[in-house]
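Every number here is computed from the coordinates shown, using simple stated rules; none is lab data. No experiment lies behind these values; they were computed from the predicted model shown. Every residue, glycine among them, receives a Cβ derived from its backbone with ideal geometry; neighbour counts consider all protein chains shown.
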């Protein structure tokens, strides 16, 4: 299917009727002065729809789950929202009853500030674990952010900066396409660089089908659209999009306590509310999936210390669970990831990881090969469990680029899975071993 | 129970009637001259019993399984063996039919050289994956090793050196105790430093109860005893010992294609063959478990790039599977392991890993604390999901030593599990990213 959408600028403010802002309110209590953005990374964002929007969400399945996630799970069920308040610098996780009270205070204060009905605000947090929220700073930040709301690309940039933690690059995208004869837009921003292997579900509960694995360094994603979409349709489309994007990335195999993706659909484009039976649903799904996948890939590329990004494609598995298990085992193997870092086509480590995964595999049937991104020209290093005639030099050349695809054919069935994975570098270790001269490294 | 055994020198040749040797036969084909030990690490070992011995074994559950493992699984079932031939430098894994033929040729040639009946030899290999064995060098090595067999500690040292790969230290132990009025001995050697998270079973098949996880950088363990022990009793004792030792260590979470532990019991101490009903069985079990655990810990301490070793103790889980899942998630989390390296008491990452594990946990019930090795004096950082009054400085002091214990109390039940884990360092990454100027890094 040819994509029916094109990319446009503006990310979350590209859709009609959305405003954004990002300010510095000193959530880490650096003591450098509240209210001033000068020289400080922003740390609080507002994303606002002019009218109540249909909402859908996907949330971490980690049993240790941050207060803002609990509040969002509750509120997303109700189906309508108008604003998301997001802070970086503090995850509001493992903060007990105080943390729940603070998350509720954040949404209440945001609603009051923007003169919205109760229940219209959602909340996201990322940063340190186990430290209570600096609520005075938060309130000051919300007041300032409300005054700074706007619809320019610069406003989206400010909001994007405000949600970043160890990210080195902002992550934004927007697309435009036709729906029911109207032009509609979907925009999104996200953050995340470490503690990244999301496994989100619609309620934060673990579906039986959810792959074993983890999510972590918190990823947050916020998506806006001016398309009119029925609540159930929006949730189902987001679920499908996340399953093929954010839930298929890994930087370090750790699943966070805070992973959240929210989508707000305000309907201001004026199309007839989209139903699943509508033949144009697939266009909406394709556009939303594209937004999520591009944002997810940006997270892997900007992962902590990452030098190389590898798309791990497992084909020919007996079941989807098997394909997923094999892909995750390879994508999370310390030995495979270090060999990617070294530009080493070490198929021995790859077949080893496939073998110890929970997938049913037969050594004598496994093929392993490499290609350029989105290329079908595969250089096979292993066929039916045996080395091919490809030379070591040829294989090294195949794994030299900053991005390449790893193809694993199990030759046992028809199921497939893909993982977007990062290498493991000395910089990752150095970054995460922390600086114990600073108590702020306590917690996540 | 007070231990009834004492440690003695000599490792595998401490028990009566065992001989060992280790030679250099240039298995990596460095071309530096066969037959000379001068300046080269030995790479082929023989461990021989003067009389046929009862044998028991535990083998990798990796579905990609090396030829020597397949040969040993077959032969260990028969219950008697007299010699183990082991090489380093080549794992004989992913070598197809030629690999099986070579493994069979290794045991046959060893039996012929030592004038033993067919079926009396076992074989172990560790090293590169996907490269066929240099059989001329192997045969020359077996001939030389047979001539060099002896019962001195120096002979055990040579054999220990010959099985090492990325190990920086030899790993040996022996104990002596009384059984049926006779003095008996158990000795053992092992190797392993990376690709280490063994998950072995008696047949190489996966028992349903086997924890998800992996094994890798191959660990090999060879144990000798002059105790007389019935085959079934020996297998059951080994299974229990391995379950609490080699199967509970992780360096990097990768399970190897070659992990093997073998025990040979030749009965020359003259005790009445040990049965499970014998009240002294528990003494034998305790001694064998001690040998396996001490060897397993040596692997973690000598793990690739390892700076700190952490004993992860999970208590109060609903089931043993839950306790195991929580312990493995923490022990294999990249973020937890890098924080250990940094001397950072980052309980946020620990509770995060507990939360995304397959274990059932309740955030508000989790306690996390630290102690010195084998101490009950625990400094708690988290109680019932909330930070304690312990200061950051106190917690840093607790995680500063080269070895410490991490205590996780889930407060949900009575099941426990322990993992012996390593930190993750820049040196590990640097060591494993490989040297792609050298084709010998291809494979494992």
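Counting only C-alpha contacts under 8 Å and six or more residues apart, can you give the relative contact order of segment A:309-424 as a whole percent?
Value for segment A:309-424: 48 percent.
Fewest first, what order do B:224, B:275, A:311, A:319 take by the number of other Cβ atoms within 10 Å?
B:275, A:319, A:311, B:224
Find every distance from the label point of residue B:117 to the corresponding label point in the other copies (7 Å from Cα along Cα→Cβ) and write them in nm, one decimal, shortest first.
Here the equivalent label points are 8.8 nm apart from this one.
Between copies, how far apart are the residue A:240 label points? List them in nm, one decimal, shortest first, with each point 7 Å from Cα toward Cβ, please?
5.6
Build a GNM of chain A with springs between Cα atoms under 10 Å: which of A:126, A:203, A:61 gets the top mean-square fluctuation?
A:203
If you take each beta carbon of peptide B:60-69 and count the beta carbons of other chains within 10 angstrom, what is the mean?
That average works out to 4.
Let me check against my output: what whole-number percent is the relative contact order of chain A, with C-alpha pairs under 8 Å and at least 6 apart?
Relative contact order comes out at 17 percent.
Just the number, please: Stokes-Einstein D of the protein assembly as shown in µm²/s, Kirkwood Rh from C-alpha pairs, 25 °C, 0.890 mPa s.
Diffusion coefficient, whole number: 86 µm²/s.
For peptide A:328-340, what's the mean number of Cβ atoms from other chains within 10 Å of each residue's Cβ?
The mean count of partner-chain Cβ atoms within 10 Å per residue comes to 6.
When a/c reaches 1.5 or more, the comparison of a/b and b/c decides; with that in mind, is segment B:126-201 rounded, prolate or oblate per its Cα gyration tensor?
oblate
Take peptides A:135-144, A:64-73 and line them up by average Cβ neighbours within 10 Å, highest first, as a rough protection proxy.
A:64-73, A:135-144
For segment B:31-171, just run the numbers: alpha carbon Rg, then divide by 2.2 N^0.38 Å, N being how many residues it has.
0.99
Give me the distance between the Cα centres of segment A:70-121 and segment B:362-385, rounded to whole Å.
Taking the Cα centre of segment B:362-385 as reference, the centre of segment A:70-121 is 31 Å away.
Count, for each residue of A:418-430, the Cβ atoms from other chains sitting within 10 Å of its Cβ, then give me the mean as a whole number.
4
Among B:346, B:62, B:376, which one shows the biggest mean-square fluctuation in a GNM of chain B, springs joining Cα atoms closer than 10 Å?
B:376
Taking every pair of distinct Cα atoms and averaging 1/r, then inverting, what Kirkwood hydrodynamic radius in Å comes out for segment A:309-424?
13.5
Run through the DSSP bridge list for chain A and note the antiparallel percent, rounded to the nearest 5.
Counting DSSP beta bridges with both partners in chain A, the antiparallel share is about 70 percent.
Please state the shape class of segment B:272-355: rounded when a/c is under 1.5, otherwise prolate if a/b exceeds b/c and oblate if not, all from the C-alpha gyration tensor.
Taking the square roots of the gyration eigenvalues as a ≥ b ≥ c, segment B:272-355 is oblate.
What order, most packed first, do the peptides B:379-390, A:183-194 have when packing is the mean number of other Cβ atoms within 10 Å of each residue?
Descending mean neighbour count gives A:183-194, B:379-390.
Run the helix sum for chain A: -39,500 (n - 2.57) per DSSP H stretch of 4+ residues, divided by residue count, reported at 222 nm to the nearest 500 deg cm²/dmol.
Helix contribution divided over all residues of chain A: -9500 deg cm²/dmol.
Could you quickly flag the chain B residue whose beta carbon comes closest to the rotation axis taking B to A, and that distance in whole angstrom?
Checking which Cβ lies nearest the axis yields B:426, 2.
Which whole-number percent gives the relative contact order of segment A:67-144, counting Cα pairs below 8 Å spaced six or more residues apart?
Once normalised by length, the contact order is 43 percent.
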